[in-house]
Amino acid sequence: EAKEEPKPAKQRRSKRISRDENRGQWKSKAEFVLSLIGYAIGIGNVWRFPYLCYRSGGGAFLVPYMLMVLLAGIPLFYMEVLIGQFSGTGCTGMFRLVPILKGTGICMVIVNWYCVCYYSMIISYPIRMIYYCFWKIVPWVNCNHSWNTPNCTALHKVGDENFKTSADEFYHLEVLRISEGIEHLGGIVWEQLLSLFITWTIIYLCVLRGIKSVGKVVYFTATFPYVLLTILFFRGVTLPGAGTGIKFFLYPEWHRLLDLKVWADAAQQMFFGLGPGWGGIVNMASFNKFRNNAKFDSILVVAVNVFTSLYAGVVVFSVLGFLSHKSGIPVATVATSGAGLAFVTYPEAIAMMPFPQLWALMFFFMLFLLGIDSVFVQLEAVTSSLLDEIIALRKYKMIMTLLSCILFFGMSSVMCTNGGMYILQLLDWYSSALAVIVICMVETVMVSYIYGINNFMDDIEFMLGKRPSWYWKISWMYITPIVLIFILLTSIIFIRTITYGDTSYPVWAVVIGWLSFASSVIWIPLYIVYIVMRKRGNVKESLKKRLRPLDWTPADPEVREEYEAFRRQRNMPGFMSDTSAELDK
């Protein structure tokens with residue numbers, strides 16, 4: 001009796017099909033676009049960009065900022081959307097393109113891990129502040145509370161550095177109940193822990209079915225902030241002194257364009273404002289239909305991001321102008337950024353308006369909605385990466401999501417202590433800022449120089465039916481890598497010693513901060529060393545094999561067959577199959 005011949009091709013095909021099994025897909029284009037808008041537009045558009053723009057030359061700052069968006073922001077964003085949409089995999093699976101760089105995917109997961117922890121803590125503060133909006137008199141308006149000190153005073157009376165405003169004392173002594181430093185963690189602030197629990201409960205309910213539930217939730221979370229922002233806009237611009245504040249925000253100081261720091265700030269704002277390098281863009285795009293017009297989506301999301309930053313700037317500075325008008329303190333003095341703007345300065349101005357509870361409620365609810373979308377995407381990037389690697393777990397996705405939320409809640413709870421804000425600041429300062437720049441540099445090198453820009457252009461032509469123009473090729477090969485190197489160097493050159501207000505961090509805390517950075521990027525070289533050491537035979541041949549694509553094909557089986565025929569027609573370099581990878585172990 002004749003033995004049946006082995007069918008390695010069929011075996012390879014069935015193994016590749018499995019990665020598309022039950023992964024999910026957006027029900028409509030709107031769900032994908034809104035999820036990206038929600039991801040790219042966050043709290044930073046409200047509390048970082050406006051102050052940075054004002055500090056860096058007002059309207060003149062928009063020149064380097066827009067140049068950075070056009071030359072690097074849009075190309076990088078578009079490239080990540082294309083990678084995710086073509087491969088149908090998340091931030092670890094995308095490195096099938098160059099398998100030896102898979103450590104970069106692990107790096108992405110760890111960076112998201114840190115960010116989800118501290119970012120969920122940030123958006124729990126608005127939940128806590130919403131509670132105070134239902135008080136008969138908002139508690140940050142005067143110094144008649146148990147937490148106030150003898151140094152508490154009204155804003156217009158602040159002259160001595162020893163005095164603090166009622167809003168400042170409310171935030172630090174009641175909301176944070178902050179300790180003297182990171183070495184004094186203190187006890188749990190139970191009200192904040194409850195706020196964090198509510199935050200994670202909402203997050204879980206929104207993501208428990210993956211993109212099926214996220215796709216529905218973003219119709220509200222990505223659009224309603226614009227309703228609130230528009231209401232606050234009309235309230236702000238009709239206040240006395242609003243014109244002065246807006247002038248401070250937009251008045252151009254052209255001589256500032258000669259300052260390298262302004263260009264560095266513009267590049268960093270572009271980079272961190274759009275969010276490449278975290279894996280979220282790749283992961284959201286991986287649920288797209290294969291022939292989706294990715295270029296239009298990318299440009300639209302970036303354009304909305306830029307518009308929102310400017311729009312939010314007018315809203316913020318119109319109110320800061322009003323605060324200056326009422327207090328007699330110059331706009332330059334009251335203007336600030338970060339948590340100080342969101343939880344001290346802006347509430348201070350709101351307290352001077354009629355019906356402050358209403359305006360405060362809208363402002364804090366808007367901050368919460370702006371932030372929660374980003375957590376959706378980053379949490380989904382982490383869970384999808386795990387499910388892409390261990391496909392058998394996909395049938396337990398809801399349980400895995402629940403366990404992830406419980407784990408992140410537990411890890412975040414340490415920031416609900418009296419010293420929690422110092423931990424949050426430390427992670428925000430060190431854990432991700434430089435790491436995502438390194439990740440993006442690896443991505444551009446991988447696509448343009450290892451896989452080859454012409455091969456990548458061929459893939460796009462197959463997917464979208466049209467070959468990208470020379471603009472994209474030049475950007476991906478030269479301009480974007482140069483801008484990324486510029487951002488990395490200036491981030492290192494202009495890095496400041498970490499402080500929180502006037503409180504310095506001890507050396508051991510700074511070391512922990514740098515270790516949080518190293519704990520993610522170290523996986524890039526570690527994985528390369530791991531591959532070299534575990535493979536038998538010639539090291540050179542092993543490296544060469546892992547610089548070739550590993551099953552870099554569309555996830556859909558029918559499209560995959562078309563693509564393989566397309567590759568043969570174009571004489572594109574072959575990929576290393578899953579089977580050959582197994583045999584080489």
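To one decimal place, what orientation-averaged projected area in nm² is obtained for the convex hull of the Cα set of the range 323-384?
Answer in nm², one decimal: 5.1.
Leaving out ligands and nucleic acids, note down the accessible area per residue over the chain with a 1.4 angstrom probe, in whole Å². Don't skip to the end; give the middle numbers.
Numbers: 24420 Å² over 585 residues.
Computed with neighbouring chains in place, this is 42 Å² per residue.
Tell me, what is a quarter of the convex hull surface for the C-alpha atoms of the range 394-487, in nm² with one decimal?
9.7 nm²
D for the chain, whole µm²/s, Stokes-Einstein with Kirkwood Rh over alpha-carbon pairs at 37 °C and 0.692 mPa s: what number?
In µm²/s, the coefficient rounds to 130.
Report ³J(HN,Hα) in whole Hz for each residue of the range 540-550, in order, from the Karplus equation J = 6.51 cos²θ - 1.76 cosθ + 1.60 where θ = phi - 60°; Gly and Pro get x.
My calculation for the range 540-550 gives 4, 5, 5, 5, 4, 5, 8, 8, 9, x, 10 Hz in order.
Give, in nm to one decimal, the length gained when the segment between LYS544 and ALA518 is fully stretched (0.36 nm per residue of separation minus the Cα-Cα distance).
Gain on extension, LYS544 to ALA518, equals 6.7 nm.
Heavy atoms only, probe 1.4 Å: what % of the accessible area of the range 29-583 goes to carbon and sulfur, would you let me know? Display every interim value, and only then the final one.
Values: 14650 of 21780 Å².
Carbon and sulfur atoms account for 67 percent of the accessible area of the range 29-583.
So what is the calculated 222 nm ellipticity per residue for the chain, using -39500 (n - 2.57) for each DSSP H run with n of 4 or more, over all residues, to the nearest 500 deg cm²/dmol?
Working: 29 runs with 365 residues, N = 585.
The helix-only estimate for the chain comes to -19500 deg cm²/dmol at 222 nm.
Looking at the range 535-567, which trypsin sites (Lys or Arg not before Pro) are DSSP coil and have at most 15 other C-beta atoms within 10 Å of their C-beta?
On the way: sites: LYS535, ARG536, LYS540, LYS544, LYS545, ARG546, ARG560, ARG567; in loops: LYS535, ARG536.
When the trypsin sites (Lys or Arg not before Pro) of the range 535-567 are filtered for loop state and at most 15 Cβ neighbours within 10 Å, ARG536 remain.
Apply the a/c threshold of 1.5 to the C-alpha gyration tensor of the range 171-265 and tell me whether it is rounded, prolate or oblate.
It comes out oblate by the Cα gyration axes.
Give the longest segment of the chain that steers clear of GluC sites (Glu not before Pro) in DSSP loops with at most 15 neighbouring Cβ atoms within 10 Å, not counting the sites themselves.
The segment 254-585 is the longest one with no such site.
Any idea which of ASN148, PRO549, PHE249 is furthest toward the positive side of the dipole for the range 29-583, if Lys and Arg beta-carbons carry +1 and Asp and Glu beta-carbons -1?
PRO549
When only the heavy atoms of the protein chains count and the probe is 1.4 Å, how do SER469, SER324 rank by accessible area, highest first? Show your work: numbers first, answer last.
Working: SER469 55, SER324 20 Å².
Ranked list, largest accessible area first: SER469, SER324.
Give me, ordered by chain and number, the residues 5 or more places off LYS164 or on other chains with an amide H under 5 Å from its own placed amide H.
Placed amide hydrogens put CYS152, THR153 under 5 Å from LYS164.
Explain nothing, just compute: Karplus ³J(HN,Hα) = 6.51 cos²θ - 1.76 cosθ + 1.60, θ = phi - 60°, for every residue of the range 184-194 in order, whole Hz, x for Gly and Pro.
Going residue by residue, I get 10, 5, x, x, 7, 8, 5, 5, 6, 5, 5 Hz, with x marking Gly and Pro.
For the range 29-583, what is the relative contact order in percent, using Cα pairs closer than 8 Å and at least 6 residues apart in sequence?
Computed value for the range 29-583: 32 percent relative contact order.
DSSP loop chymotrypsin sites (Phe, Trp or Tyr not before Pro) in the range 493-554 with at most 16 other Cβ atoms within 10 Å of their Cβ, which ones?
Taking the range 493-554 and a limit of 16 other Cβ atoms within 10 Å, the loop chymotrypsin sites (Phe, Trp or Tyr not before Pro) found are PHE494.
Pop a pseudo-label 7 angstrom from the Cα along the beta-carbon direction at both MET477 and PHE224 and give the gap in nm to one decimal.
Taking the simple label geometry, MET477 and PHE224 are separated by 4.9 nm.
Residue by residue through the range 165-170, what is 3J(HN,Hα) from phi via Karplus (6.51 cos²θ - 1.76 cosθ + 1.60, θ = phi - 60°)? Round to whole Hz and write x for glycine and proline.
With coefficients 6.51, -1.76 and 1.60, one gets 6, 4, 5, 5, 5, 4 Hz.
Magnitude of the Cβ-charge dipole of the range 29-583, K/R +1 and D/E -1, about the Cα centre, nearest 20 debye?
Here the range 29-583 has a charge dipole of around 1060 debye.
Largest first, what is the accessible-area ranking of VAL529, VAL189 with a 1.4 Å probe?
Correct descending sequence by accessible area is VAL529, VAL189.
Using a 7 Å offset from the Cα along the Cα-to-Cβ direction at both PHE197 and GLU461, what is the distance between the two label points in nm, to one decimal?
6.0 nm
How long is the gain from PHE566 to LEU402 if the chain were fully straight, where each residue apart is worth 0.36 nm and the alpha carbon distance is subtracted?
So the chain would gain 54.8 nm between PHE566 and LEU402.
For HIS172, what accessible surface area do you get with a 1.4 Å probe? Give it in Å², rounded to 10.
We get 40 Å² for HIS172.
In 5 Å bins starting at 0, how do the alpha-carbon pair distances of the range 293-447 split up by percent?
Each 5 Å bin holds this share of Cα pairs: 1, 6, 9, 13, 16, 15, 15, 10, 6, 4, 2, 1, 0.
I need the shape label for the range 259-367. Rule: rounded when a/c is under 1.5, else prolate if a/b > b/c, else oblate, with a, b, c from the alpha carbon gyration tensor.
Verdict is prolate for the range 259-367.
Projecting each Cα onto the charge dipole of the range 257-401 (Lys/Arg +1, Asp/Glu -1 at the beta carbon, about the Cα centre), which of ALA351, HIS325, PHE272 comes out farthest on the positive side?
PHE272
The values are calculated or read from the model by the stated rules, or taken from the named source; none is laboratory data. Only a predicted model underlies this, so the values are computations on that prediction, with no experimental measurement involved. Note: ideal-geometry Cβ built from the backbone for every residue, glycine included; neighbour counts use all protein chains shown. Protein only, heavy atoms only, side chains kept; ligands, DNA and RNA dropped before computing areas. Shrake-Rupley method; radii C 1.70, N 1.55, O 1.52, S 1.80 Å.
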